[in-house]
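Taking it in order: structure first as structure tokens, then the write-up.
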């Protein structure tokens, strides 16, 4: 377990060394909201202060200014119908019962209390589609009623059209499909082969009004394909909102282990994505959280033409700063049309911004002009790179600056810290002996990841 230093981290809960459940990562749990600050407290301030503490605030930083938290994972099950070679779940995941619906509802309420309206909640797992559809519909409806946003994170195998129709009717905003080679789907040898699966999923959600995202885990076996995959995402910009790339990390039950840091780096992925977009991917405009954790960019696509969405860096940094200034809660920045109208209205009220707006529009639209003249409509497509930490290399500064949390029974916790020792938070009431007994009692068919690989070796050698 990494040494995180003193437990009394400023702004976080203190954990008594005598407490039987004390754990180094407990010091990283966010404290309960300070309701004494009143109903007009700025919920963005705690994250902003943590980023400032670690030198991660400044021009272009969206976290703590535009939103109080990028997203919070609500894990509704630990079960999954795949066995990814880079799975973040724990060895014990398949034996852990699903949280009751009322417990999940309590966690939704706590997310709202911590981070307020417009917070993005990932309904995830495991694969959430293994739960009854009625549970998912109830959660989506509750999230919507609190003014927050919901996204279904799934491998898509059980996410049928009727299921997605029900969830969309209940208020689901986004669906994020995880599709890549680590899932070892039969009949697909390359990421390009898997585009058949991605296309099928896009057809499945057509017309439902859902934003569609794709997650891809990047490892040595698919790294060379990233530019081609980006080109495919770009060709589907009318149907895709976001393509997220998650760098290999040695955590959870996956069997591939640590990544090759000489080849798989943030800089390498940035270059590959930029290549795949025809030079339109500029990751240097905005920051979302810690710079060692996340990179983000948006491009415009019209037909076969691409251009940077934020083509005038200083203008957009100034514009977003002014749009985020004032008020006590974040606005819904996820709806492009609303954000665009707010931005234009601010520019019209602020003459000093008008020249920058004209230059930004010119720089973005000129590369697209041939396609626009052919009647091609421009679409925005975003790319995200996640540099998740290995379980044995958890960095406190990055965890404190985290903008991707998991809601646990004890409060929100950095996703990387949670993944590094999930069983501590999922099996809180069990002793080490009980956990060992639980593991030994698991049937072979329920073993996954490292436990299954070990059991297969033992069977072969018997």
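In the calculated pair distance distribution of the chain, what percentage of Cα-Cα distances lie above 32 Å?
Details: 41790 of 106491 pairs.
Summing the P(r) tail past 32 Å for the chain gives 39 percent.
Can you figure out the FRET efficiency of residue 431 with residue 335, using R₀ = 51 Å and their beta-carbon distance, to the nearest 0.05?
Details: r = 48 Å, r/R0 = 0.95.
E(calc), rounded to 0.05, equals 0.60.
From the square roots a ≥ b ≥ c of the eigenvalues of the alpha-carbon gyration tensor of region 360-462, which class results: rounded (a/c under 1.5), prolate (a/b over b/c), or oblate? List each step's numbers first, then the result.
Values: a/c = 3.74, a/b = 2.10, b/c = 1.78.
It is prolate, given that a/c is not under 1.5 and a/b is the larger ratio.
Once you order the gyration tensor axes a ≥ b ≥ c over the Cα atoms, which shape class does region 107-190 get: rounded for a/c under 1.5, otherwise prolate or oblate by comparing a/b with b/c? Walk me through the numbers on the way to the answer.
Numbers: a/c = 2.62, a/b = 1.83, b/c = 1.43.
It is prolate, given that a/c is not under 1.5 and a/b is the larger ratio.
On C-alpha positions alone, give me the angle between the axis of helix 336-349 and the longest principal axis of the chain, in degrees, nearest 10.
For 336-349 against the chain, the angle is about 40 degrees.
Kindly state, as a whole number, the per residue volume in cubic angstrom of the convex hull around the alpha carbon atoms of region 252-378. Write down the numbers at each step before the final one.
On the way: hull volume 20.7 nm³, N = 127.
Spelled out: Cα convex hull of region 252-378, divided by residues, is 163 Å³.
With just the Cα atoms of region 18-167, tell me how far they stretch along each of the three principal axes, in Å, largest first.
The Cα atoms of region 18-167 stretch 42, 40, 31 Å along their principal axes.
Using Cα atoms only, what is the angle between the long axis of helix 354-365 and the major principal axis of the chain, expressed in degrees (0 to 90) to the nearest 10?
The helix 354-365 is inclined about 70 degrees to the chain.
Please state, to two decimals, what the Cα-based radius of gyration of region 313-373 comes to when divided by 2.2 N^0.38 Å (N = residues).
On the way: Rg = 13.1 Å, N = 61, 2.2 N^0.38 = 10.5 Å.
Relative to the rule-of-thumb radius for its length, region 313-373 sits at 1.25.
Pull out the extension gain between residue 322 and residue 141, defined as 0.36 nm times the separation in residues minus the alpha carbon to alpha carbon distance; nm, one decimal.
Values: separation 181, 0.36 × 181 = 65.16 nm, distance 3.27 nm.
So the chain would gain 61.9 nm between residue 322 and residue 141.
Please report the projected area of region 243-321's Cα convex hull averaged over all directions, in nm². Kindly include the intermediate steps, with their values, before the conclusion.
On the way: hull surface 27.3 nm².
Mean orientational projected area (region 243-321, Cα hull): 6.8 nm².
Gain in length, residue 393 to residue 265, computed as 0.36 nm per residue apart minus the alpha-carbon separation, to one decimal in nm? Let's see the in-between values first.
Values: separation 128, 0.36 × 128 = 46.08 nm, distance 1.58 nm.
Difference between extended and current length: 44.5 nm.
Angle, helix 133-145 long axis vs. longest principal axis of the chain, Cα atoms, 0 to 90°, nearest 10?
50
By how many nm would the segment from residue 255 to residue 113 lengthen if fully extended, with 0.36 nm per residue of separation less the alpha-carbon distance?
So the chain would gain 47.3 nm between residue 255 and residue 113.
Roughly what % of Cα-Cα distances in region 162-276 sit above 22 Å, to the whole percent? All intermediate terms of the calculation are to be shown ahead of the outcome.
Numbers: 2493 of 6555 pairs.
That fraction is 38 percent.
Run the simple label-point estimate for residue 346 and residue 105 please: 7 Å along Cα→C-beta, distance reported in nm.
Modelled inter-label distance: 3.8 nm.
Evaluate the Debye formula for region 319-411 with equal point scatterers sitting on the alpha carbons, no solvent, and hand back log10 of I(q)/I(0) at q = 0.18, 0.20 Å⁻¹, in q order, two decimals.
Cα-only, vacuum Debye calculation for region 319-411: -1.05, -1.14.
Please report, in whole Å, how far the alpha carbons of region 59-145 spread along each principal axis, starting with the longest.
Computed over region 59-145, the largest-to-smallest principal extents equal 43, 30, 17 Å.
Run the quick spin-label model on residue 192 and residue 41: label points 7 Å from Cα toward the beta carbon, then report their separation in nm to one decimal.
Distance between the two pseudo-spin positions: 5.4 nm.
Only the coordinates and a few stated rules stand behind these numbers; no lab work does. Keep in mind that this is a model prediction, so the values were computed, not measured. Please note: Cβ atoms are built from the backbone with ideal geometry, for glycine as well, and neighbour counts cover all protein chains shown.
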